[in-house]
Amino acid sequence: MPQDSPPKHPWLRAWRVYAQPACLRMLLLGFSSGLPLLLVLGTLSFWLREAGVNRSSIGYFSWVGLAFAFKWTWSPLVDRLSLPLLTARLGRRRSWLLLAQTGIVLGLLVLALHNPLDNLAYTAWAALLVAIAAATQDIALDAFRIESANTDEQAALAATYQTGYRLAMIWAGAGALWVAARAQGNTVGYDFGAWQTAYWAMALSMLPGMVTVLFSAEPHPVALPPTRTAQEWINQAVVAPFADFFRRYGWHAAALLALIGLYRISDVVMGVMANTFYVDMGYTKDEVAAVTKIYGVIMTLAGSFLGGALAMRWGVMRVLMLGAVLSAASNLLFSWLAGHGHDLNALIAVISADNLAGGVATAAFIAYLSSLTNISYSATQYALFSSFMLLIPKTLAGYSGEYVDAFGYSAFFTSTALLGVPVILLLFWINHKNRP
């Protein structure tokens, strides 16, 4: 199992790594990766709730995010399969990135063309298209990131990736709400045209990421053994990456997969109902945009940079523990907020703590997943890890609307905090087993 080595980087070098070209490219590509997620989850749930869709349906709608949990099923294709015309010109990683980004743009345009009140199922299928294309982009981008730098720099790449990702979330969250509010003007109540304008703007916002792919250098390709039959290709593309992981970690692989599958459970389950909570508490689009989507993301960025630097200085496992404790505890603050009704100052305080904790946890977790990956199977193995990370939380989150209807928001947020307790205990056990 991965071991934390003693700190070996002075603070100045730990921060200077962020100015390297690989980090700057990852900043821009992270923006492309972060843009679609909220548009089919958080922002879309705000749209649906404002349109009058019930909480239970919104909870089930979050299951489109399971595309990210099952992306490992087609990750071997992204890892190994060449695309006609594109791969010869761009390389294996960039060709898949460009194809996925094109799919995201098309899916967002389809979402913008149809009012969910006319046919909610049609909206769900369009959201699923965006989610599948976004998951495919993540597979290729994770491999691109892992192959672009050595192990010591992966935490820094993770932090700059998260910066671009979170900036995109500001735009997909606050930006979409701001555009919709401006387009709605003085119209009272639900206005489909306002949301349509916002989603057209989001589709256009994918263009910078596509340009970045075209002008980035393809990482040095990992040599692939020749295959003569379909069975050999399947063995090398599908079986070998998973067999390699279990061969390297033995019975410890079960503990590692358990940690991966549970680490984000508190945040993911809570996040599905967050925007619905804001609507029900009476917060306006502009208030949610300013506090949770701009200020909150800035706090997440601060946490990401802090987490990346701390991981280089102290080791990833220590920061993982810190992130797990803070993430679970911060959910209790939402339970406290539920008793305050419409209180903007209280919202600011809760978002500050929650997003700072989430940034620290996420930067450390991405670095940890990268450390588990064999570069020979980078796309497939990382897709397995990041997919498994979402499978249990996303499945459970689908029932969050029914839980809130039955027990209320305060009990719901407290329950999500308690979901973090097994993660903390598992981290303690893994650290104990890693001691010499």
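Each reported figure results from applying straightforward, stated rules to the coordinates on display, with no laboratory input. Keep in mind it's a predicted model, so treat the numbers as computed, not measured. Positions of Cβ are generated from backbone atoms using ideal geometry, with glycine treated the same way; all protein chains shown enter the neighbour counts.
Descriptive notes on the structure:
- Cα shape, the stretch 270-321, gyration tensor, a/c 1.5 rule: oblate
- Per-residue HN-Hα couplings for the stretch 120-126 [Karplus 6.51, -1.76, 1.60; θ = phi - 60°; Hz; x = Gly/Pro]: 5, 5, 5, 4, 5, 5, 5
- Relative contact order [Cα under 8 Å, 6+ residues apart], the stretch 11-434, whole percent: 28 percent
- Take the convex hull of the alpha carbons in the chain; its mean projected area over all directions comes to 20.5 nm².
- Shown in residue order for the stretch 57-63 are the 3J(HN,Hα) couplings computed by the Karplus curve 6.51 cos²θ - 1.76 cosθ + 1.60 at θ = phi - 60°: 5, 5, x, 5, 4, 5, 5 Hz (x for Gly and Pro).
- Per residue, the convex hull volume that the Cα atoms of the stretch 307-428 enclose (Å³): 115 Å³
- Karplus (6.51, -1.76, 1.60) ³J(HN,Hα), θ = phi - 60°, over the stretch 158-168, in Hz, Gly and Pro reported as x: 4, 5, 6, 4, 5, 4, x, 4, 6, 4, 5
- Rounded Å value of the spacing that divides the Cα centres of the stretch 270-284 and the stretch 294-355: 18 Å
- The chain, helix-only ellipticity at 222 nm - DSSP H runs n ≥ 4, -39,500 (n - 2.57), divided by all residues, nearest 500: -23000 deg cm²/dmol
- Residue exposure sequence - Ser335, Ser32, Ser75 - by fewest surrounding Cβ within 10 Å: Ser335, Ser32, Ser75
- Simple spin-label estimate for Glu402 and Asp280 in nanometres, 7 Å along Cα-Cβ: 1.6 nm
- Using a Förster distance of 51 Å, the FRET efficiency for Ala255-Ala88 (Cβ separation, nearest 0.05): 0.75
- Remark: spin-label model distance Ser410-Gln231 equals 6.4 nm, labels positioned 7 Å along the Cα→Cβ axis.
- The stretch 35-161 shape via C-alpha gyration tensor axes, a/c threshold 1.5: prolate
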